[in-house]
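*Asks:* Let me give you the structure first, and then I'll get to my questions.
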Amino acid sequence: MKKYWLLMRVVVGISILSFLYAHIGIDNILATLANASLFIILLMFIQYVFSFLLSAFNLHLMLKALGHPIPFPKLAYCNMKSWALGLFVPGKVGEFSIIYFLKKQGIPVDVGSAVSLADKLITLFVLAVFACVGTFIFFGSTAGIVISSLVIIGVVVGYWIIFISKLGKMVKQYLPFLKAAEGFSKQIKVLKGKTDYIGANLVLTILKWVVMALISAKILMLLGALAPWPIFLMADATTRILSLIPITLAGLGIKESSGIYLLSIAGVSFAASGAFYLLFLMANLLLAVIVLLTKD
């Protein structure tokens, strides 16, 4: 049954992408790419390197807070492996595979679980804030209030379950990959007291998404569209939140279609935003395959 559900999600994602790009017109996409500067490739490379390094450093901070630092190159490699697997596993659960990769580096499962979950909650919080602001800009005050309220409730409930309530057993029940983490709750309590490390992670996470938005706005400009980086930041955050909805595999089609729609509200042409998302989709898949095929 699970295999059929997975297959259906893949089919739905591909169908959304096919309809989307058929509507935009492949000829328009190719024309946009043909007139684009090769400087885009360099900017994409810089963005990937910056994103991976900063993500790995955030994990380094969390591991250091728990007294389990590992060499940064190994941590960066584990982070890339986890990211790559997350593109092909339903619901992005694959990104939690970093627990497994960290274990191979000698990090206890409970420590890896706490570090992974805390880092992802911080990222979700940052994206949720940007997305909430974006909903007011893209959809107006009424819809903004409704959507923002739902997002805030979700973040608060998630924070309460993990950090405040005595529901460690519930966490393990609904996150099967944490069942082996006997000291998970203990490690979470330790992290909760490391406010300096949590704060540094939060600041670096904000910096990461701001810089990525700046680079992405530049890439869009080279594709013939003008989109202020704050607008792109809020659109990107909103699409990433929407891509968590388990309709398609790893948000395939959801992210692209919602991103193109939101950017169109800001005046970006379908051809430019379509070319942008197609470039990153292909780059993500190619890089993920290369990373996964790389031997330890």
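Read-outs throughout are calculated quantities, based only on the coordinates presented, and are distinct from any laboratory measurement. The structure displayed is predicted, hence computed values, not measured ones. Positions of Cβ are generated from backbone atoms using ideal geometry, with glycine treated the same way; all protein chains shown enter the neighbour counts.
*Asks:* Report the FRET efficiency, 1/(1 + (r/R0)^6), for I265 and T195, where r is their Cβ-Cβ distance and R0 is 35 Å, rounded to 0.05.
*Replies:* 0.40
*Asks:* How long are the semi-axes of the equivalent ellipsoid of segment 21-77, defined as square roots of 5 times the Cα gyration tensor eigenvalues? Whole Å, largest first.
*Replies:* For segment 21-77, the semi-axes come out at 40, 13, 7 Å.
*Asks:* Oh, and also: Restricting things to alpha carbons, find the Rg to Rh ratio for segment 14-147 using the Kirkwood radius for Rh.
*Replies:* Ratio of gyration radius to Kirkwood radius for segment 14-147: 1.08.
*Asks:* Per residue, how big is the convex hull of segment 195-284 when only Cα atoms are used? Give it in Å³.
*Replies:* Cα convex hull per residue, to the nearest whole number: 104 Å³.
*Asks:* Compute the Cα gyration tensor for segment 246-288, then decide on rounded, prolate or oblate, letting a ≥ b ≥ c be the square roots of its eigenvalues: rounded whenever a/c is under 1.5, prolate when a/b is larger than b/c in the other cases, and oblate in all that remain.
*Replies:* Verdict is oblate for segment 246-288.
*Asks:* Moving on to the next point. Listed here are the pairs K103/K194; K189/K255; K104/K189; K194/K295; K208/K255; K218/K295; which of them are more than 29 Å apart at the Cα?
*Replies:* K189/K255; K194/K295; K218/K295
*Asks:* Starting from the Cα of N28, step 7 Å along the direction of its Cβ; do the same at Q105; then give the gap between the two resulting points in nm.
*Replies:* Each label point lies 7 Å from its Cα, and together they span 4.4 nm.
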